[in-house]
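Take a look at the structure below.
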Amino acid sequence: MAAQSRPDATERVMELMMYLLARDVPKTREEIWRDTGLYAPDGTTDRRTLDSARASFERDKALIRNLGVRITESMEHDGATSYTIRPRDYFLPDLQLTADEQLALRFAAARVDIGETWDLEAVAKLTSTEAAVSGEGTAATSGGTARAASDGNDAEPLSADVSLETAAAQQTAGSLLPKLAAAVAERALVRFAYGGRERDTQPLGLLCRAGYWYLAAREDDVVKTFRVDRMEGDAQISERGAFARADVDVASLLPSEPMEIDFGADFEARVRIDATMAQQPTAERGRIVERHDDGSVTVTARVRNRAAFRLWLLDMGRHAVVESPPELVGEITSWLGALAAEAGEAGR
């Protein structure tokens, strides 16, 4: 079996942050290293390995602090420093935004292109309401207006609130992530309901893809991934230290392309991208099947995650036109129409 690869810096920082947030009492550097396995093999005495681990640990703490998250340090009786993240220093208090303020915030985020998705996740958290929990879409940041080639398909209009499906996902995942991160670190068995039945699993790690968190775990000797926001109810943790760390490359369990990650129907989207965007890295996420004399290209993309597809499409703004399949054309047309109509209402 292949050796387990170390998590990259982003995943390591996230795991450290969740570990510190989930602890009831502060933990020393040695306890953190032992529980998480993020920095150095347990029991190693190799000086170079230890020096590298200390440097990585210090960089990760600095990164967390630069993100605005306070790490509280305390001195133990033996002189060792221990660390924790207090919930009150991490979680944003309820801002009690009115319905009009929430709507204005959503559209402000949707109209400013910063080339990332964290702004959308922040808006989802700040404006999460029952109305925002529906559909399959995720709002996209775009300086322009994406278009869908109309073929007369009269798809049922979609509410603009469909664009913030991640609101429910972030709420659900947010309550479970610290518990699941602790279970991964402590090699504790986890039971949860998923897909209509109970799952007994050995958690191996957490992955973040396309704005969603996934638990990588072994169930019945098979390594699987479970989307955290689709877990039904709470997760039950038991029997810490119940299994040995596995030689599994957790990062490779999910595709790197967000559009290919999800459950349900797998379809191929056909998109025409004009010459302005055709040479950009964003366009290259699709497979070029035709080049046109005007410099535009036609690409196809395998899609299982409609939310990620919309993010990709609207990142290209008015420079992209969805050509097929017909049901997708109708869906995008009606969704954009609903967004425009709601934006008009908000501007009055």
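Things worth noting here:
- For segment 1-91, the convex hull spanned by the alpha carbon atoms encloses 118 Å³ per residue.
- Sorted by Cβ density within 10 Å, fewest first, the residues ASP274, ASP221: ASP221, ASP274
- Each distinct pair of alpha carbons in segment 293-337 adds a 1/r term; the inverse of their mean, the Kirkwood radius, is 11.5 Å.
- When you count the other C-beta atoms within 10 angstrom of each residue and take the mean per peptide, 76-87, 196-207, 35-46 line up highest first as 196-207, 35-46, 76-87.
- Projecting the Cα atoms of ALA80, VAL25, PHE91 onto the charge dipole of segment 1-91 (Cβ charges, centred on the Cα centre) puts PHE91 farthest toward the positive pole.
- Global geometry of segment 189-261, whether rounded, prolate or oblate, following the gyration tensor of its Cα atoms and the 1.5 cut on a/c: oblate
Taken together, the values in this text are just the output of simple stated rules run on the coordinates, not laboratory data. Nothing here was measured: the structure is a model prediction, and the numbers come from that model. Every residue, glycine as well, gets a Cβ built from its backbone with ideal geometry; the counts of neighbours run over all protein chains shown.
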